[in-house]
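A short write-up of the structure that comes next.
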Amino acid sequence: MSSHPLVEPIFVKSPHPATLDDEALLKDCDLGRGRSSGPGGQHRNKVQSLVELTHRPTGVEAHAGERRSAQENKRVALKRLRLQLALQTRSPVPIGDIGSAMWKSRVKDGKIACNVDHNDYPAMVAEALDVIYSASLDMKKASIRLYCTRSQLIKLLAKEPAVLVALNEARKAKGMSTLRG
C-alpha cells in the first residue's frame, strides 16, 4: 500500500467497520498491551497501560498509551482505530438513495452537525469518504448524493487534519485541485 490511504484504499464489505458498535468492532480486533514511554513517573514504568488494537480483516492499527489506565487507553485507541478505518478503508456505495439513518439525522437543510469529538464522527467521515471516492473524488457530485453543500462536506472532513491531507493527496494523484478547510 502507498503512503496515502485514499490512493490505494482497502475495500471492505458493508457495513463499514468504522460504523460498527464497540463490541462488534472489538470482536474483529487483536488487543495488545504494553508499557508506555514518556512522562508519567513510576506508575508508567510499572503498569502496562499501553493498548494496541489491530483490525484483523484489514490490518489497520491504532494505539493509545497517554492515559494512566488501560481502560481509558482502550477507549482512546478504539476511537483512533475508527478514524483510521474511516481513512484507509472503502465500502461500496449503492446506486440510488443513500445515506444511513445516522447521516440523515445529522444533515438538516444542507448543513452537517457533527463535532470531531463525538462518537459518530469517524462513521460520518467513513460514509462521506465512501461517497466521495465512488464519485471519483468529485466533491460536488458527492455533496449532492449526501444531501449537503460542498462546503459543509469539506468542513466535516477538515475537522480532522489528517483526513483533509489524505483527501488532497488522492486528488493531487488524479491531477485535481486541492481543497481548503
Quick count over segment 104-123, residues being closer than 19 Å to ALA142 by Cβ and either in contact with a His (Cβ under 7 Å, 6 or more places away or on another chain) or surrounded by 14 or more Cβ atoms within 10 Å (Cβ to Cβ) (or both), is 9
Next item on the list: Look at ALA101 and say whether it is over 22 Å from PHE11 (Cβ atoms), in contact with a His (Cβ under 7 Å, 6 or more places away or on another chain) and either assigned by TED's automatic domain parsing to the domain that holds LYS141 or modelled with pLDDT of 95 or more (or both).
Entry: no
For segment 159-181, pairs from a residue that is under 17 Å from ALA126 (Cα atoms) to a residue that is of a type in the set (Val, Ile, Thr) and part of a helix (DSSP H, G or I), with Cβ under 6 Å and 6 or more apart or across chains, are VAL163/VAL125
Check: Does segment 142-152 contain at least one residue that is among the hydrophobic types (A, V, I, L, M, F, W, C), free of Cβ contacts under 8 Å to residues at least 12 places away in the same chain, surrounded by fewer than 16 Cβ atoms within 10 Å (Cβ to Cβ) and farther than 15 Å from LEU85 by Cα?
Finding: yes
Scanning segment 75-114 residue by residue, the ones that are within 15 Å of the chain's Cα centre (by Cα) and hydroxyl-bearing (Ser, Thr, Tyr) total 2
Do we have any residue at all in segment 107-123 that's in contact (Cβ under 8 Å) with a residue 40 or more places away in the chain and in a helix (DSSP H, G or I)?
-> yes
Scanning segment 62-87 for residues that are of a type outside the set (Gly, Ala, Ser) and not in a helix (DSSP H, G or I), the one farthest from VAL125 (Cα to Cα) turns out to be ARG68
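The values are calculated or read from the model by the stated rules, or taken from the named source; none is laboratory data. Bear in mind that the values here come from a model prediction, so they are computed numbers and not experimental data. Note: ideal-geometry Cβ built from the backbone for every residue, glycine included; neighbour counts use all protein chains shown.
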